[in-house]
Amino acid sequence: MSLKLHFEETGTGNGPAVIILHGLFGSASNWRSIARMLSGRFHVFSLDLRNHGKSPWHDDMRYEDMAGDVAGFIAANALDAPIVIGHSMGGKTAMTLAQGSFPVLGKVFVVDIAPVPYRHNHDTLVEAMESVDFAVQNSRSAIDRQLSKFIDEAPLRQFLMQNLERRDGKLAWRLNLASIVYHLPVLLDYRAGPPVDHEMVFIAGTESDYLLAEHHNPIKSLFPNSAIESIHGAGHWLHAEKPDELVRIIQNHLSG
């Protein structure tokens, strides 16, 4: 049974619906600037995937589960062939949607991820988040100092700290860290289904190691009707680093 996902809605005009799916440790709030940029033309729904943001927690977290949640959202809101934009983990969820027996979709944009298993190590991020003792570190500045023992990059710490909420008078992680950590091997993997002739656009950052030239063949074998674009100078966080270029690519592919 699908979970009822929390979402942010931007743009309420008559334009086509766009669904945005964030990446691991992210949430809908990470994509607000992109949603605003698209809202003049589209009706944008930015979702919190299960165990993230304000959406419900659950012990199961396979891509089939997350795709089922999104399919439930599409059905519940009577969205007609929505355009889907998925980043990283959200991109694999979007690919699973496209490969499954789910509702009819519009064009699917997969941002800096490929339909392959990954060996990326998130141990440092997990260790940093698990190290926070909210009984001791219960201000944002104190939590930032604690995270800095593991993570040098201030933007990455700020990204993780977007997952803080105040609960019963104290700060806490709003995501289901235990379930996410348990499912990391599944989330890093990808159980490729049969090839589908769905119209897809894969967008890579040239400074990222998530979508490389060696991934083009697996993409084309599973999604033969796909285009592959690159954003020069962008890392894995394309929507934060090069938002104008990302939106330009999306708009160009939707204008044809």
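Region 206-236 and region 76-92 have Cα centres separated by 19 Å. Loop-located GluC sites (Glu not before Pro) in region 104-170 (DSSP state other than H, G, I, E, B) with a sparse environment of at most 13 neighbouring Cβ atoms within 10 Å: 153.
Backbone amide hydrogens, once placed in the peptide plane, bring residue 211 within less than 5 Å of 205, excluding anything fewer than 5 places away on its chain.
Taking the helices alone, the chain has a mean residue ellipticity at 222 nm of -10000 deg cm²/dmol, built from -39,500 (n - 2.57) per DSSP H run of at least 4 residues and averaged over all its residues. Amide H contacts under 5 Å for residue 234: 206, 207, restricted to partners 5 or more places along the chain or on a different chain, H placed in the peptide plane at 1.01 Å from N. Exposure proxy ranking for 248, 167, based on other Cβ atoms within 10 angstrom of each Cβ and starting from the fewest, stands as 167, 248. Each label was represented as a point 7 Å from its Cα along the Cα-to-Cβ direction; for residue 244 and residue 12 these points are 3.1 nm apart. Label sites at residue 209 and residue 170, each approximated as a point 7 angstrom past Cα along Cα to Cβ, lie 3.8 nm apart. The overall shape of region 123-181 is oblate: from the C-alpha gyration tensor, with semi-axes ordered a ≥ b ≥ c, the ratio a/c is 1.5 or greater and a/b is no larger than b/c. Pairs over the 25 Å Cα-Cα cut-off, from the set 54/107; 4/149; 92/170; 54/170: 54/107; 4/149; 92/170.
Take each peptide in 33-45, 220-232, count the other Cβ atoms within 10 Å of every residue, and average; sorted highest first, the result is 33-45, 220-232. Ordering 85, 250 from the fewest to the most neighbouring beta carbons within 10 Å gives 250, 85. With q set to 0.08, 0.12, 0.15 Å⁻¹, the log10 of I(q)/I(0) for the chain, from the Debye formula over equal scatterers at the Cα positions, is -0.30, -0.69, -1.09.
Amide hydrogen proximity for residue 191: with H placed 1.01 Å from N in the peptide plane, no residue at 5 or more positions away or on another chain lies under 5 Å. Per residue, the Cα convex hull of region 117-256 amounts to 151 Å³. The gain in end-to-end length when the residue 217 to residue 158 segment is fully stretched comes to 17.7 nm, 0.36 nm per residue minus the alpha carbon separation.
Only Cα pairs under 8 Å and 6+ residues apart enter the sum, and on that basis the relative contact order of the chain stands at 18 percent.
All of the numbers you see were taken from the coordinates with simple rules; none came from a lab. The structure displayed is predicted, hence computed values, not measured ones. Positions of Cβ are generated from backbone atoms using ideal geometry, with glycine treated the same way; all protein chains shown enter the neighbour counts.
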